[in-house]
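A short write-up of the structure that comes next.
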Amino acid sequence: MKIVKIEAIPFAIPYRKPLRFASGEVHIADHVLVRVHSDDGVVGVAEAPPRPYTYGETQASIVAAIEGLFAPELVGLSLLEREVMHARLDRTVGNPAAKAALDMAVWDALGRTLDLPVTQLLGGWADRMRVAHMVGFAPDAEMVAEAEHVRERYGITTFKVKVGRRPVELDVRACRALRSALGPEVELYVDGNRGWTPSEAARALDAMSDLGLTLAEELCPADDVLGRRWLVGRTPVPTVADESATTPGEVTRELLGGSATMISIKTARTGFGTSQRILHQAEGLGVEVVMGNQIDGQIGTACTVAFGAAHRASSRRAGELSNFLDMADDLLTEPLQIAGGELAVRPGPGLGIEIDPDKLAHYRL
Ligand code: MUC
Ligand code: MG
């Protein structure tokens with residue numbers, strides 16, 4: 001079970017429809033495929049999506065950090081020495097997506113070695129999750145058409161609407177258009193990606209108070225410490241910390257500082273190991289979580305659903321599992337399928353996914 005080799009392979013797959021949000025936009029999935037090889041001939045995989053506007057990582061920096069810093073630290077360790085692995089990774093600050101992909105590829109290799117699904121090793125709670133779809137900035141009619149199409153075709157009835165960079169009135173109008181087109185049955189929540197000041201966020205939430213929003217995520221930057229606390233105190237909508245809560249320490253600061261009341265867990269930035277710590281931390285504090293999406297491809301989405309379904313607390317809400325639908329292609333031999341508003345965890349050892357060698361040859365850089 002010894003790690004003998006780690007690969008970091010950059011690839012690029014275009015989006016059919018770019019995703020636009022307050023902190024950036026994505027036109028190409030310029031991710032890094034991570035492969036961890038063991039001396040038993042087992043290969044575990046995961047993917048790292050760079051989000052420079054959120055964590056400062058780029059595709060090149062992820063490859064450089066894995067090849068130059070992390071692989072030399074991990075080669076020689078057993079797949080079972082995950083605490084040692086984390087201690088070694090944490091000698092370097094930052095680089096969350098690179099570290100998370102390594103963690104998840106090690107779990108995949110472990111599952112394959114033991115001939116067991118990762119989701120069962122993690123917790124084995126359920127075999128599927130309900131899916132929430134993220135709707136990016138666009139003219140109102142396009143946002144509505146996208147949500148209607150996704151509901152019709154995939155049975156998805158939970159939507160996260162991107163807000164926060166445009167004037168407040170435009171976002172309010174878009175949310176109102178979605179509510180009126182989709183009716184009272186669908187769940188709608190908003191994510192501001194730090195785009196508003198606290199007073200803008202308060203104005204927006206007041207203007208949307210009749211829309212039945214279930215969550216308000218990261219409306220203002222984490223550095224607006226008192227402003228965020230003020231906002232939490234004046235809105236009845238649960239407030240989710242996403243990019244402000246990427247480590248157990250940050251989760252503690254956000255929750256105990258009163259700047260958020262829920263936590264978004266993204267396996268793309270905290271892998272399985274640290275995501276599990278955060279999940280248990282949230283449970284211990286009596287705080288709900290939502291499984292978020294770092295604009296993952298199908299490999300990352302397979303990781304999110306394997307983790308989210310594995311635990312009772314992370315599978316209660318719909319998980320954000322559908323953004324891969326906007327990509328023109330992907331690397332898996334068998335594409336993920338969303339049906340009836342749900343995504344099933346892949347059966348089979350590890351993550352239950354296989355990389356198509358021809359697709360990888362085509363899209364690798
Ligand atoms: C989200 O929930 O914020 C946008 C940037 C990022 O890192 O993740 C996405 C979605
Ligand atoms: Mg978010």
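Only the coordinates and a few stated rules stand behind these numbers; no lab work does. Note that the structure is predicted; figures quoted are calculated from it, not measured. Cβ sites come from the backbone with ideal geometry, for glycine too, and all protein chains shown count toward neighbours.
Shape analysis of the chain based on the Cα gyration tensor places the equivalent ellipsoid semi-axes at 33, 22, 19 Å, largest first. Fully extending the segment from Arg173 to Lys17, taken as 0.36 nm per residue of separation minus the present Cα-Cα distance, adds 54.0 nm.
Neighbour counting of Cβ atoms within 10 Å sorts the residues Thr301, Thr239, fewest neighbours leading, into Thr239, Thr301.
Amide H contacts of Ile28: Tyr15, each under 5 Å away and 5 or more positions distant or on a separate chain (H built 1.01 Å from N in the peptide plane; Pro and chain starts excluded). Legend: distances between Cα atoms for Lys17/Lys99; Lys162/Lys266; Lys266/Lys359; pairs beyond 19 Å are Lys17/Lys99; Lys266/Lys359. Only Cα pairs under 8 Å and 6+ residues apart enter the sum, and on that basis the relative contact order of the chain stands at 21 percent.
Across the range 3-115, counting alpha-carbon atoms alone, Rg and Dmax equal 14.6, 45 Å.
Computed per residue of the chain from DSSP H runs no shorter than four, each worth -39500 (n - 2.57), the mean residue ellipticity at 222 nm is -11000 deg cm²/dmol. Compared with the dominant Cα axis of the chain, that is its longest principal axis, helix 198-207 is turned about 60°.
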